[in-house]
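No value in this document is a laboratory result; all are computed from the given coordinates. Only a predicted model underlies this, so the values are computations on that prediction, with no experimental measurement involved. Note that each Cβ is placed from the backbone with ideal geometry, even for glycine, and that neighbours are counted across all protein chains shown.
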């Protein structure tokens, strides 16, 4: 199955196909990666339902959205697994998953589990701003427009003045995406670093299902 | 708000009209217009304290309410804050000279491991606008930094901010250290930041979690008043 376009993943998400024993409920920003892993490994027992990726910018809405999706879909599957890390919910997503009796990804956010939670924590780089493949492609929808940098470029320093570098965590080898990530760093006036991560702990977690 | 502000000559407006126009200009984030209006009111004999409270804080209260109600969003609030900052820069030295009333004192900073300061800066500015003296410790503060400032500044309030799930637990480290040293109850501890919630505030032993800058100001006023009343009752 091919994922829908990025704008659809951002605004709408992805409905499940209705096949498979385990339903993955995840962030739309992970759709391509999850479908790629599914296809590459023949994991037909996994079905994917993505919530709108733009929830990334409104983490307070994630627990309720996940809970609603789990409640609505769980009767059709033997098991549900949540493909979100804490993602800025301050522990509320974990609490919701505990209440629902479903497991979720470990770690604070996708930047951490793509790199590997242990390796990411060891870096302790507090002045890095991260982008993944999806976020590079959707930079305008997730950064430029919601932060108002298209309308008020003078706000750049208020948002990014304390950052020193943009780290592009590449899930795939894509020179065009790397160029776009560099342009994002230039736009934010940050140093640029590309770091290939592959799928990290996301793959490990899916392999265990 | 209106798009015809270019045609308005601020100096030709009477006081009420000018304050109303300042509300509009704050809402629209027009820093230069706010600075000009502040200078006009000063020239007309307004006290710095009245300009601050009646014009700037009054205007920012509308901005804060519309942000809370989902009418305005972060970029517009930041533009408004930037405009208010321009006005505050003119008024601050004058407020010191004229001995404006002071409600209390706050030490505020973003916790260790965290470099995010937008919310913290908004709180600091609105607290100053409300008559608090604010000592801003900036970002990435270890417990020693907070302790040092509490000792040297003797504030009524300690404010801590965090934007990350990974850094917000550090607030508990600070509060636990205050408890160990037997000084926790000497201060009102307010916490804030996007991933926090009331339950977290209670769990770590803060006095209150503040959802936004406006709530922080109201909460701070309430706690300081309560503290003063308790002190008066003991006296």
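Using only the alpha carbons of chain B, what is the convex hull's orientation-averaged projected area in square nanometres? Kindly include the intermediate steps, with their values, before the conclusion.
Values: hull surface 55.2 nm².
Reported value for the Cα convex hull: 13.8 nm².
Between helix B:74-98 and chain B, what is the angle of the helix's C-alpha long axis to the longest principal axis, kept within 0 to 90° and rounded to the nearest 10? Roughly 90 degrees, rounded to the nearest 10.
The mean number of Cβ atoms from other chains found within 10 Å of a Cβ in peptide A:150-163 is 4, as a whole number. Kirkwood analysis of the Cα pair distances in chain A returns a hydrodynamic radius of 17.6 Å. Relative to the longest principal axis of the Cα atoms of chain B, the long axis of helix B:31-43 makes an angle of roughly 80 degrees.
When shorter helices are ignored and each DSSP H run of at least 4 residues is given -39500 (n - 2.57), the per-residue value for the protein assembly as shown at 222 nm works out to -14000 deg cm²/dmol. A Gaussian network model of chain A, with springs between Cα atoms under 10 Å, assigns the largest mean-square fluctuation among A:69, A:122, A:29 to A:122. The C-alpha atoms of chain B define a longest principal axis, and helix B:15-27 lies at about 60 degrees to it. The mean sequence distance of close C-alpha pairs (under 8 Å, at least 6 residues apart), as a share of the length of region B:102-235, puts its relative contact order at 26 percent. Spin-label model, residue A:122 to residue B:177: label points 7 Å out along the Cα-to-beta-carbon direction sit 2.7 nm apart.
Per residue of A:120-130, count partner chain C-beta atoms within 10 Å of its C-beta, then hand back the mean as an integer.
Numbers: counts 1, 1, 0, 0, 2, 0, 10, 3, 1, 1, 0.
Mean shielding count: 2.
With N residues in region B:102-235, what two-decimal value do you get for its Cα radius of gyration over 2.2 N^0.38 Å?
Working: Rg = 13.5 Å, N = 134, 2.2 N^0.38 = 14.1 Å.
Here the Cα radius of gyration is 0.95 times the empirical estimate.
Peptide B:106-116 has a mean shielding of 2, counted as Cβ atoms of other protein chains within 10 Å of each residue's Cβ. Remark: relative contact order (region B:7-101) = 38 percent; criterion is Cα-Cα distance under 8 angstrom and separation of 6 or more residues.
Packing around the peptides B:94-102, B:46-54, A:33-41, taken as the average count of other Cβ atoms within 10 Å per residue, puts them in this order, highest first: B:46-54, A:33-41, B:94-102.
Would you mind giving the average projected area, over all directions, of the Cα convex hull of region B:7-101 in nm² with one decimal? Walk me through the numbers before you get to the answer.
Numbers: hull surface 24.2 nm².
The directionally averaged projection comes out at 6.1 nm².
Multiplying the residue separation of residue A:172 and residue A:72 by 0.36 nm and subtracting their alpha-carbon distance yields 32.7 nm.
Beta carbons within 10 angstrom, averaged per residue: use that to sort the peptides B:61-69, B:179-187, highest first.
Packing proxy ranking, top to bottom: B:61-69, B:179-187.
Eigenvalues of the alpha-carbon gyration tensor of the protein assembly as shown, scaled by 5 and square-rooted, set the equivalent ellipsoid semi-axes at 43, 27, 19 angstrom, largest first.
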